[in-house]
Amino acid sequence: MGFVIDESGLRVTAPKRSAIHTIENALIEKRKWILDKLDYYRNRRQAKPAPLSWQEGTVFPYLGRELTLHLEKSATLRPAFRLDENSLAIRLSPENPVTVTDHLKKWLKTQAREIFTGRLQFYAEKMNVRFDSFGLSGAHTRWGSCSAKRQIRLNWRLVHCDMSLIDYVVIHELAHLSEMNHSPRFWAIVKKWYPDPAKARKTLQDLSPVLFSLFSETD
């Protein structure tokens, strides 16, 4: 039996053979956790910041540090990116029909795919597990997922976080390849490779309202 809570509410999954009273008892047993999670998502909706305006001088997080966005003119339509320690410069032609927002989002996704692929391969080898495929997620409520078909998806917005938080989500999803649940055995696997998952979860919860709002939901 599984419980998933996000901004849309509570979703319960159970085997077809499960009796109604069994599901009701499970809900009662988990009621504090369910209510706490529902309160968290309700408060997050109410405190959701406005999206950033992507223009010259905008400051945004990337791998845990702050970058300042610089816009430079280019004679060619093909955009060019230059990443420094504290800034990201985008060279664009005034005739380029694609917005700065779209170019930046595409660049962030490209970086995310490269970084996440490397971390997944690194920890999969250390943890002696195998995943069959990896893709980026654009969800506004979840940082990662792992399916029974050994398919892992990581939210591209993790690229805003420092590497320690990225590693936590990577390890969390790889641990599901051994335990498709959140049982004590699952958390024992996670803690073997990431000693303080509770701190990482709390940090991600605190960062979520801001990071999920950097771009508008239609971007």
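Any read-out appearing in this document is the output of simple, stated calculations on the displayed coordinates, not a laboratory observation. Worth saying up front: this structure is predicted, and the values here are computed from it rather than measured. Counting neighbours? That spans all protein chains shown, and the Cβs are built from the backbone with ideal geometry, glycine included.
Some points to look at:
- Share antiparallel - DSSP beta bridges, the chain, percent rounded to 5: 60
- Simple label model, 7 Å out from Cα along Cβ direction - residue 204 to residue 71, nm: 3.4
- Packing, taken as the mean count of other beta carbons within 10 Å per residue, orders the peptides 18-31, 143-156 from highest to lowest as 143-156, 18-31.
- Magnitude of the charge dipole, the chain, Cβ model with Lys/Arg +1 and Asp/Glu -1, debye to 20: 780
- DSSP beta bridges confined to region 115-204 are antiparallel in about 40 percent of cases.
- Under 26 Å of direct C-alpha separation, and excluding same-chain neighbours fewer than eight residues apart, residue 126 reaches these lysines: 109, 149, 191, 192, 199, 202.
- Sequence-separation-based contact order of region 78-153, relative, with Cα cut under 8 Å and 6+ spacing, percent: 18
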